[in-house]
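Written out below as structure tokens is the structure these notes cover.
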Amino acid sequence: MISLLTGSVRSISTDRLIVEVGGFGVSVLVNPQTAAQVTLGSQVQLFTSLVVREDSLTLFGFINDESRSLFELVQTVSGIGPKVALSILGALTPEDLGRAISQEDIGAIEKVPGIGRKGAQRLILELKGKLSDLSSVHAYKGHQPAWREQLTSALVSLGFSPKESDGAISQVISTLQADGKDAAHLDLSELLKLTLASGKSARG
């Protein structure tokens, strides 16, 4: 099982890369977002998943382990093969997919090419609650989105403890919700200002 590939990028297409590893050119299927993150001639590390069929061996590649784990998990849903799984990860970030599943947002998932409404319903039904089984993807259940992680990092670098950061962020989210606002829709700089003000008052 090939699970990690490190080498030099020799060719880039929207759906595949050719990576030279030890004198061999390995063809790896990727989504357009992954292809856009690499440059010709550069060194790349890809987390890979090998799909074995009677007539083919196909290697799928991802920039991080979370995406690879999610790619493999999505294929446990009946009717979803590797090509559709790759399409899902090309259209939705792991955070977006985790949120859509936890909130049963069929509309967000059915926009993915090749999945449709029935596929979206099946995905939600079969994966609801399963994202927490992946230790590397446990943060994608919706309660710890990327913006919150970035905000926590910013506060910690400014001298807050992780516990103080979490308390200040939770307080700001509650205040915003009371005003009918969603913290996810605000700029990180705006959230940082609000959280710093909240943190200072909490510190006394």
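Per-structure values
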read-out: Value of Rg to Rh for the chain (Rh from inverse mean 1/r over Cα pairs, i.e. Kirkwood); value: 1.05
read-out: Cα-based convex hull, the stretch 146-203, per residue volume (Å³, whole number); value: 68 Å³
read-out: Sparse-neighbourhood loop sites, trypsin sites (Lys or Arg not before Pro) in the stretch 82-115 - DSSP loop, at most 13 other Cβ within 10 angstrom; value: 111
read-out: Cross-link reach list, lysines versus residue 130, counting only Cα pairs under 26 Å and skipping chain neighbours closer than eight places; value: 83, 111, 118, 141
read-out: Sequence-distant aspartates and glutamates (8 or more away, or on other chains) whose Cα lies within less than 15 Å of residue 181; value: 190
read-out: Among 151, 67, 176 the positive-end extreme of the charge dipole of the chain (Cβ point charges); value: 176
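All of the numbers you see were taken from the coordinates with simple rules; none came from a lab. Note that the structure is predicted; figures quoted are calculated from it, not measured. Cβ sites come from the backbone with ideal geometry, for glycine too, and all protein chains shown count toward neighbours.
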